[in-house]
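Here's the structure we're looking at; comments come further down.
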Amino acid sequence: MKILVASSYLPPVPGGAEKVAWETSVRLAEDSDVHILTTGPKIETRFIHGLSIHSVWDTRFKPLFYSSIGRVFIDRLVDLASFDIIQSHMALPWGYVFRGSERLVITCHGSDVYLKKRISDKLSKSALSKAKSVTSPSSWLTKFIMKKYAADCITIPNGVDTNRFRPKKDGVDREKVILFVGRLIERKGVLELLQAARVLENYEFWFVGEGPLKGAINLKNTRHFGFVDDVVDIYNRAKLCVFPSHWEPFGIVGLEAMACGKAVIATELGFSDYIDSWKDGVIVNARDVKALVEAIQRLMEDEDERSRIEANAREKALRYDWDVVTSRYKELYRSLIET
């Protein structure tokens, strides 16, 4: 197959869409001719990991600019007619830009469809209505898209690199550490976790990430790390990992922690697709500080229950390895080509 993957940004820019685009592209390139369309400081093509990466300028109004006068810059880099599949990660901008393609697949990642202004909403609806196939990473987001946009949608989950994210036997095990990894914003449940930290003074709460709430991490038992180079090491140094988001399209950080053999406490929207509560993780209601505190205490104090969940967590994460997830995309692409 010859596949064009369109993603406005790529790692190291953080974000689920960026990670999915990159991880699946690298694996698709093992037996397909894969090109990535992204943005950068200049128009260029470069080659890495068997991928042809084409960059166009990053502009503020990408959907409208690259659908009109800016289309010439895309045409200089790629021949759209030559691709068997055009995979757009996010409905905007590229889902809208390429809405005329006969084999366009749009993967929605949450923020592109869940919280939108009126104009963007109209552009997203136009893109989704003309796509050959629409996917999302979680069952709740799939249902939302089908209801709001009247678009057929299937669920293909996000994944995790289980070779990289794994338990480290030689890691330092900090008995009282509860770890959070993510953007430091209200939607991620940072304020609720800080309330829990005030109650659970005997435990340490570590926060990895950046965001406007970093200044609130100022309790005696809290520590802010910012971005870290080796997130696998810090997962392994924690006793528990907690992700109390109000909502997530699909919480990749939860899978990363589980792949490292950690018990995870998280919330329903974005994590319940792969966590069976009190079997391989724990699900609590969003914004429920009392339930969060009780779950943390129970897992920190009951070593047998925590150990059982940790073993199940690693086993569950293996089912979401990026190789498995990429095979799902391959199956979809082949079915579209055959029709």
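The values are calculated or read from the model by the stated rules, or taken from the named source; none is laboratory data. No experiment lies behind these values; they were computed from the predicted model shown. Quick reminder, even Gly has a Cβ in these numbers, built from the backbone with ideal geometry, and neighbours come from all protein chains shown.
Annotations
- Criterion violated by THR45 - all others in (1) under 18 Å from the mean Cα position of the chain (by Cα); (2) among the β-branched types (Val, Ile, Thr); (3) outside any helix (DSSP H, G or I) satisfied: (1)
- Scope the stretch 148-206; condition part of a strand (DSSP E or B), hydrophobic (A, V, I, L, M, F, W, C) and either in the same structural domain as GLU303 (by TED's automatic domain parsing) or closer than 19 Å to GLU256 by Cα (or both); matching residues: VAL160, VAL177, ILE178, LEU179, PHE180, VAL181, PHE205, TRP206
- Cross-chain or 6+ apart pairs with Cβ under 9 Å, the stretch 286-304 first and on the phi > 0 side of the Ramachandran plot, then hydrophobic (A, V, I, L, M, F, W, C) and surrounded by fewer than 18 Cβ atoms within 10 Å (Cβ to Cβ): none
- Among the residues of the stretch 252-299, those that are outside any loop (DSSP other than H, G, I, E, B), of a type outside the set (A, V, I, L, M, F, W, C) and within 19 Å of PRO167 (Cα to Cα) comprise GLY254, GLU256, GLY281.
- Tallying residues that are among the basic types (Lys, Arg) and either in contact with a Cys (Cβ under 8 Å, 6 or more places away or on another chain) or in contact (Cβ under 8 Å) with a residue 60 or more places away in the chain (or both) within the stretch 305-339 yields 5.
- The numbered conditions (1) closer than 28 Å to SER68 by Cα; (2) assigned to a helix (DSSP H, G or I); (3) in contact (Cβ under 8 Å) with a residue 40 or more places away in the chain are all true for LEU141 except (1).
- For GLN195, the conditions (1) within 25 Å of the chain's Cα centre (by Cα); (2) surrounded by fewer than 20 Cβ atoms within 10 Å (Cβ to Cβ); (3) under 16 Å from HIS246 (Cβ atoms); (4) of a type outside the set (Gly, Ala, Ser) all hold with the exception of (1).
- Top-ranked residue of the stretch 81-102 - restricted to ones that are part of a strand (DSSP E or B) and of a type in the set (A, V, I, L, M), ranked as farthest from SER129 (Cα to Cα): ILE85
- Unique residue being touching a helix residue (DSSP H, G or I) at 6+ places or on another chain (Cβ under 6 Å) and either over 27 Å from LYS143 (Cβ atoms) or not in a helix (DSSP H, G or I) (or both) when the list is VAL113, VAL72, VAL26: VAL113
Here's the yes/no breakdown for (1) farther than 20 Å from PHE98 by Cα; (2) among the polar types (S, T, N, Q):
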residue: TRP22; (1), (2): no, no
residue: ARG27; (1), (2): yes, no
residue: ASP31; (1), (2): yes, no
residue: THR39; (1), (2): no, yes
residue: ILE43; (1), (2): no, no
residue: ILE48; (1), (2): yes, no
residue: SER55; (1), (2): no, yes
residue: ARG60; (1), (2): no, no
